[in-house]
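Presented below is the structure to which this report refers.
The values are calculated or read from the model by the stated rules, or taken from the named source; none is laboratory data. As the structure is a prediction and not an experimental result, all values here were calculated from the model. Virtual Cβ from ideal backbone geometry, glycine too; neighbours counted across all protein chains shown.
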Amino acid sequence: MLVLGIDTSCDDTGVGVVELHPDGSVSVRSNRVWSQTVHANYGGVMPELASREHVERIDAVMGDALAEAGVSVEQLGAVAATSGPGLVGALLVGLMYGKGLSQGLKIPFHATHHLEGHIYAAASEAELQPPYLALVVSGGHTHLFDVRAEGQYELVGATRDDAAGEAFDKVARLSGLGYPGGPAIAEAAKLGDPKAVPFKVPLAGQKGYEFSFSGLKTAALLAHRAGAKPEDLAASFQAVAVKSLVKTSVRAANDLGRNTLVVSGGVAANQALREAFLQTGLRVLFPGKGLNTDNGAMIALAGAAAIRAGRGEHGLGDGATAYAPLANVEGD
């Protein structure tokens with residue numbers, strides 16, 4: 001079965017096609033993303049502009065995804081689209097587009113949770129069988145889930161304030177390194193000294209598995225005002241942010257007895273973060289190329305997982321939701 005996935009949750013218009021094979025395995029046939037550049041002028045995403053860009057681009061991205069997959073729209077067997085969380089206006093574009101396709105083609109529709117899509121993005125690279133831990137770390141999310149069975153999610157830790165990717169963006173902006181901040185910080189850090197600015201690891205003595213980046217962001221601002229070199233500031237900030245994410249996630253895995261850890265989301269593309277996680281001794285899975293940031297293929301992968309688990313068509317009556325905690329979805 002060919003499953004089309006659509007994601008317009010923020011500022012990327014993503015459409016992808018995956019194939020669900022009879023043995024339950026999946027393969028990505030295409031993944032096309034239009035990344036909006038208009039927001040660079042503002043240092044962050046402007047919701048109304050994002051919605052307009054999705055409307056203008058989604059037809060073209062859809063056509064490119066089908067062409068890359070080498071299939072026609074009539075060959076699709078199901079459609080999945082993100083219903084939340086995200087920017088409501090942006091979400092509505094992809095959600096309504098997906099519903100229209102499913103109704104016009106008379107094929108099942110699956111309203112899909114954005115974070116579930118990020119988790120299943122790692123299934124494109126290796127077999128992913130529960131139980132495992134999943135860290136979703138991006139510009140809008142820093143969430144740690146215990147996945148005990150397929151479709152069963154327990155939130156065991158999250159950020160108290162800024163998401164990790166949001167902190168990267170803000171530190172890059174105050175340092176004059178550009179937007180988006182993740183790649184800018186990573187590039188500048190190659191030229192800097194990670195010990196030049198003595199940042200403290202947030203929540204170092206906690207017993208739980210929470211994250212916090214607001215204080216680290218403020219410390220970076222003070223260091224910038226004190227004259228820290230941008231490359232030293234980038235290297236020091238990145239080193240402490242990575243240490244916080246890795247130490248907390250690994251401690252949770254050890255406490256909960258999980259040997260597999262999924263790390264996904266835009267920040268998961270950071271090479272320093274990947275290298276640190278790969279040295280932990282855990283089986284760590286990352287999404288394949290192009291699947292870290294928001295995209296349609298990850299939503300198609302989540303839709304394929306729902307079909308494989310026997311979950312029926314879901315979400316034709318659902319609207320877009322800005323705030324949507326990832327809850328257990330078994331039985332949908």
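Is it the case, given these coordinates, that A226 is out of contact with any strand residue (DSSP E or B) (no Cβ under 7 Å at 6 or more places or on another chain), buried (at least 19 other Cβ atoms within 10 Å of the Cβ), at pLDDT 95 or above and not assigned by TED's automatic domain parsing to the domain that holds H118?
no
Residues to consider are R283, R308, R274; find the one that is of a type in the set (D, E, K, R) and over 26 Å from P183 (Cα atoms). Quick ask: steps written out before the conclusion?
Working: R283 fails: over 26 Å from P183 (Cα atoms); R274 fails: over 26 Å from P183 (Cα atoms).
It is R308.
Please pick out the residue among V45, V61, V55 that is touching a Lys or Arg at 6+ places or on another chain (Cβ under 6 Å) and either surrounded by 13 or more Cβ atoms within 10 Å (Cβ to Cβ) or among the hydrophobic types (A, V, I, L, M, F, W, C) (or both).
Being touching a Lys or Arg at 6+ places or on another chain (Cβ under 6 Å) and either surrounded by 13 or more Cβ atoms within 10 Å (Cβ to Cβ) or among the hydrophobic types (A, V, I, L, M, F, W, C) (or both) holds for just one of V45, V61, V55, which is V61.
Give me the residue from region 64-87 that is closer than 10 Å to V17 by Cβ, buried (at least 19 other Cβ atoms within 10 Å of the Cβ) and small (G, A, S) and, out of that set, nearest to the chain's Cα centre (by Cα).
Restricting to residues being closer than 10 Å to V17 by Cβ, buried (at least 19 other Cβ atoms within 10 Å of the Cβ) and small (G, A, S), the top hit is A65.
Against the conditions (1) touching a residue at least 40 places away in the same chain (Cβ under 8 Å); (2) outside any helix (DSSP H, G or I), where does R148 fall short? Just the number, please.
(1)
Criterion first (in contact with a strand residue (DSSP E or B) (Cβ under 6 Å, 6 or more places away or on another chain), surrounded by fewer than 21 Cβ atoms within 10 Å (Cβ to Cβ) and of a type outside the set (A, V, I, L, M)) does E231 satisfy it?
no
Any idea which residue in region 259-300 is farthest from V18 (Cα to Cα), counting only those that are surrounded by fewer than 23 Cβ atoms within 10 Å (Cβ to Cβ) and among the charged types (D, E, K, R)?
E275
Given (1) closer than 21 Å to A78 by Cβ; (2) in contact with a helix residue (DSSP H, G or I) (Cβ under 6 Å, 6 or more places away or on another chain), identify the lone condition not met by G319.
Looking at each condition in turn, G319 falls short on (2).
Quick check, is R148 at pLDDT below 95, among the charged types (D, E, K, R) and in the same structural domain as S249 (by TED's automatic domain parsing)?
In short, yes.
Can you tell me which residue is nearest to L301 (Cα to Cα) among those in region 38-84 that are of a type outside the set (G, A, S), part of a loop (DSSP other than H, G, I, E, B) and modelled with pLDDT under 95? Steps first, answer last, please.
Filtering region 38-84 down to residues of a type outside the set (G, A, S) leaves 38-39, 41-42, 45-49, 52-59, 61-62, 64, 66, 68, 71, 73-76, 79, 82.
With the extra rule that they be part of a loop (DSSP other than H, G, I, E, B), the set shrinks to 42, 45-46, 71, 76.
Okay, now just the ones that are also modelled with pLDDT under 95, so 42, 45-46.
On the way: Y42: 33, V45: 26, M46: 28 Å.
The extreme case among them is V45.
Restricting region 103-161 to residues that are under 19 Å from G288 (Cα atoms) and charged (D, E, K, R), which is surrounded by the most Cβ atoms within 10 Å (Cβ to Cβ)?
By that ranking, first place goes to E116.
I want to confirm something. Restricting to region 173-206 and keeping residues that are more than 22 Å from V246 (Cβ to Cβ) and among the aliphatic types (A, V, I, L, M), which single residue is surrounded by the fewest Cβ atoms within 10 Å (Cβ to Cβ)?
L191
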